[in-house]
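Only one structure is covered here, and it is reproduced in the block below.
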Amino acid sequence: MNKSVGVTQFLKRFHICRTKEHKLSEKFSITVTINAPIEEVWRKLVDWKSQSSWMAMTRVEASHRGAEDSGVGTTIDAFTGFGKLGILDRMRVTQWNPPRFCAVDHYGRIIKGIGEFRLEEIVQTNSRQTRFHWFEEINGPRAILILVKPGILAAVYLSLRKFSRWVERR
């Protein structure tokens with residue numbers, strides 16, 4: 001009797017191989033509060049090319065300009081890195097509910113998964129604030145995702161704080 005096990009079978013047993021039954025992904029989420037009305041936050045958030053000015057080490061190009069002409073089907077390419085060394089994140093808007101929700105599908109060669117921007121209005125007596133929930137579920141080798149997660153979360157948190165300051169100044 002042959003007890004040898006194929007590499008794929010071995011990896012599947014230990015949840016190392018990406019299969020339909022053993023989807024490998026990692027979830028990332030950050031929430032920040034911005035001292036501005038939800039409509040203003042939305043307009044600046046979906047001004048895709050302006051994300052280059054506040055998202056860490058990222059250059060953004062998009063098929064549409066922003067809130068006025070974007071919607072389901074808008075494509076966004078975000079290159080994160082230094083010079084030519086980095087990762088291209090290709091996205092397509094799959095859900096669009098201004099000024100509260102936008103979902104994207106990450107469909108690039110390396111980064112695959114889903115992303116969401118969710119805005120929640122906070123109305124107080126003397127001010128209007130917006131709670132911004134950023135969420136990503138990225139597919140890939142779980143061990144690598146777990147290793148890079150702290151760095152990604154730190155970079156995104158700092159970027160969202162920069163975005164908050166940018167919106168609040170205007």
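The values are calculated or read from the model by the stated rules, or taken from the named source; none is laboratory data. Here the structure is a predicted model, which is why all the values come from computation and not from measurement. Quick reminder, even Gly has a Cβ in these numbers, built from the backbone with ideal geometry, and neighbours come from all protein chains shown. SASA here: full protein model, heavy atoms, side chains in, ligands and nucleic acids out. Shrake-Rupley method; radii C 1.70, N 1.55, O 1.52, S 1.80 Å.
Structure notes:
- Residue count, region 26-70 (criterion: touching a strand residue (DSSP E or B) at 6+ places or on another chain (Cβ under 9 Å) and either of a type in the set (Lys, Arg) or modelled with pLDDT under 90 (or both)): 3
- Subset of region 91-122 (residues that are touching a Phe, Trp or Tyr at 6+ places or on another chain (Cβ under 8 Å) and not in a strand (DSSP E or B)): 98, 99, 100
- Failed criterion for residue 125 (all others in (1) exposed (fewer than 14 other Cβ atoms within 10 Å of the Cβ); (2) assigned to a helix (DSSP H, G or I) hold): (2)
- Residue, nearest to the chain's Cα centre (by Cα), within region 128-170, restricted to residues that are part of a helix (DSSP H, G or I) and under 17 Å from residue 38 (Cβ atoms): 160
- When residues of region 71-105 are limited to those that are in contact (Cβ under 8 Å) with a residue 24 or more places away in the chain and touching a His at 6+ places or on another chain (Cβ under 7 Å), the one farthest from residue 151 (Cα to Cα): 74
- Scanning region 97-118 for residues that are touching a Cys at 6+ places or on another chain (Cβ under 9 Å) and surrounded by 17 or more Cβ atoms within 10 Å (Cβ to Cβ) gives 115, 117.
- Scan of region 71-96 for residues that are within 13 Å of residue 46 (Cβ to Cβ) and open to solvent by 80 Å² or more (accessible area, probe 1.4 Å), ordered by number: 72, 95
- Residue within region 132-141 that is of a type in the set (D, E, K, R) and open to solvent by 50 Å² or more (accessible area, probe 1.4 Å) present: no
- Test: residue in region 113-120 that is under 20 Å from residue 32 (Cα atoms) and more than 15 Å from the chain's Cα centre (by Cα): yes
- Within region 52-70, the residues that satisfy the criterion of being open to solvent by 20 Å² or more (accessible area, probe 1.4 Å), within 22 Å of residue 130 (Cα to Cα) and touching a residue at least 40 places away in the same chain (Cβ under 8 Å) are 53, 55, 56.
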